[in-house]
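Data first, discussion second: the structure below is written as structure tokens.
The values are calculated or read from the model by the stated rules, or taken from the named source; none is laboratory data. The model shown is predicted, which means the values in this text are computed figures rather than measured ones. With ideal geometry, Cβ positions are generated from the backbone for all residues, glycine too; neighbour counts draw on all protein chains shown.
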Amino acid sequence: MKDIEGLVRPNIARLSPYSTARDEYQGPLGIFLDANESPYETGWNRYPDPHQKVLKARISEIKGVPVDSIFLGNGSDEAIDLVFRVFCVPGKDNVVAISPSYGMYQVAAQTNDIEVRNVPLEADFSLDSAKLLAAADACTKAIFLCSPNNPSGNAFPVEQILDIVERFDGLVVLDEAYADFSSIPSLAKEACTRGNLIVLQTLSKARGMAALRLGMAFSTPRIIELMSMVKYPYNINQAAQSLVLKQLEESVETQVEEIKAERALAYDRLASYPFISKVFPSEANFLLVRTADADALYDHLIADGIIVRNRNRIAGCEGCLRITIGTPEENRKLYKSLDTYEEGNIR
């Protein structure tokens, strides 16, 4: 296991985390006169569990990882931000990321005054490990990888990712937001013992809980401890904890399989249109398509009340739209709109 202590910001290593009286009290359930809450029962008058013990225990069972290797955040974005806050010294350190990829890595870096060194993916969106590692220097604290990647949809081979983890002395942050739709296995369990790997997952995609804003990070107990020290104490509200716990008992396997089947149908259908020159293979719940005039096609779909993501202005995605796989009925409406799109509109 790699030692990450030298990567931690000195001020964070010295930090005394915020603690509550309930953290310090180990006795039986008592009378709460410690937190200046309202004593009148509303169902929500008490602060939520800052450690999310019950929810983490259930996620531990589902994912097969130890409780102390789980961090829960207000969406995966909180975990992304914490990587910068815990490990990167503002104005000095940098991170390496692939391009194109999820835009929040760049936003979180800019917010924390950290340089991002973007390494373009190849034309087919594959990853050149040598180029990625060559972009790092002594001040590089982390490499951000998204697999399956957003917006390209492709997943990188497990062997390639683990090779990068082994060869890089800093942190590798692997965003697996779309792993439920992929044939490539998750590395969440690997992250618990690797020492420098953090795996991010979300309940917003396959699990259908985007509105509840709960993201997960899996790593070694020490990395999870550091992230927990820096997070705000009550980052996950009680309503979200309770609703997520209940929703986790619902199976989404049938829905995931339907989305994967619809993805295969959509790939063939979209590839049949003469104005779509390329449909990129996908391991996620969306397809990236290239067309002669992405803006015109986007405007046409918008006029029909169909909202897709225009990626035309993203480097490497010129001429591209990202289309989420919807229900069979929603997908049929998409095809109907595309059927009426006239090639003569292409400028």
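For this structure, a couple of remarks:
Table: residues versus (1) over 30 Å from Ala138 (Cα atoms); (2) in the same structural domain as Ala57 (by TED's automatic domain parsing); (3) touching a Gly at 6+ places or on another chain (Cβ under 8 Å).
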residue: Glu166; (1), (2), (3): no, yes, no
residue: Val173; (1), (2), (3): no, yes, no
residue: Asp180; (1), (2), (3): yes, yes, no
residue: Ala210; (1), (2), (3): yes, yes, no
residue: Ala239; (1), (2), (3): yes, yes, no
residue: Ala266; (1), (2), (3): yes, no, no
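- Test: residue in region 32-50 that is crowded, with 21+ Cβ neighbours inside 10 Å, in the same structural domain as Leu214 (by TED's automatic domain parsing), closer than 14 Å to Met229 by Cα and not aliphatic (A, V, I, L, M): no
- Hey, Leu243 buried (at least 16 other Cβ atoms within 10 Å of the Cβ) and over 30 Å from Gln160 (Cβ atoms) or not: no
- In the set (1) assigned to a helix (DSSP H, G or I); (2) over 25 Å from the mean Cα position of the chain (by Cα); (3) at pLDDT 95 or above, Ala264 fails one condition alone, (2).
- Candidate set: region 51-61, residues that are touching a residue at least 24 places away in the same chain (Cβ under 8 Å) and farther than 16 Å from Glu225 by Cα; chosen: the one surrounded by the most Cβ atoms within 10 Å (Cβ to Cβ): Ile59
- For region 125-152, a residue qualifies if it is in contact (Cβ under 8 Å) with a residue 40 or more places away in the chain and exposed (fewer than 13 other Cβ atoms within 10 Å of the Cβ), and exactly one does: Asp137.
- Region 190-214, residues that are charged (D, E, K, R), at pLDDT 95 or above and closer than 14 Å to Val173 by Cα: Glu190
- Residue in region 183-193 that is charged (D, E, K, R), buried (at least 17 other Cβ atoms within 10 Å of the Cβ) and touching a residue at least 12 places away in the same chain (Cβ under 8 Å) present: yes
- Yes/no for Leu72 being touching a helix residue (DSSP H, G or I) at 6+ places or on another chain (Cβ under 6 Å) and either closer than 21 Å to Pro221 by Cβ or assigned by TED's automatic domain parsing to the domain that holds Cys320 (or both): no
- Filter pass, Asp3 being surrounded by 10 or more Cβ atoms within 10 Å (Cβ to Cβ), farther than 20 Å from Lys189 by Cβ and touching a Ser or Thr at 6+ places or on another chain (Cβ under 8 Å): no
- Annotation note: Cβ proximity below 6 Å between a residue of region 195-212 that is free of Cβ contacts under 8 Å to residues at least 60 places away in the same chain and a residue that is assigned to a strand (DSSP E or B) and of a type outside the set (Val, Ile, Thr) (sequence gap 6+ or interchain) occurs for Val199/Leu174; Val199/Phe218.
- Condition met for Leu171 (out of contact with any Asp or Glu (no Cβ under 8 Å at 6 or more places or on another chain), crowded, with 22+ Cβ neighbours inside 10 Å, under 24 Å from Arg117 (Cβ atoms) and not hydroxyl-bearing (Ser, Thr, Tyr)): yes
- Enumeration of residues in region 1-59 that are more than 25 Å from Leu245 (Cα to Cα), assigned to a loop (DSSP other than H, G, I, E, B), small (Gly, Ala, Ser) and within 33 Å of the chain's Cα centre (by Cα): Ser16
- Selection count where residues are free of Cβ contacts under 8 Å to residues at least 40 places away in the same chain and either in a loop (DSSP other than H, G, I, E, B) or acidic (Asp, Glu) (or both), scope region 289-318: 10
- Counting only strands (runs of 3 or more DSSP E) that sit wholly inside region 127-229, those with at least 2 residues that are under 13 Å from the mean Cα position of the chain (by Cα) and of a type outside the set (A, V, I, L, M, F, W, C) are 197-202.
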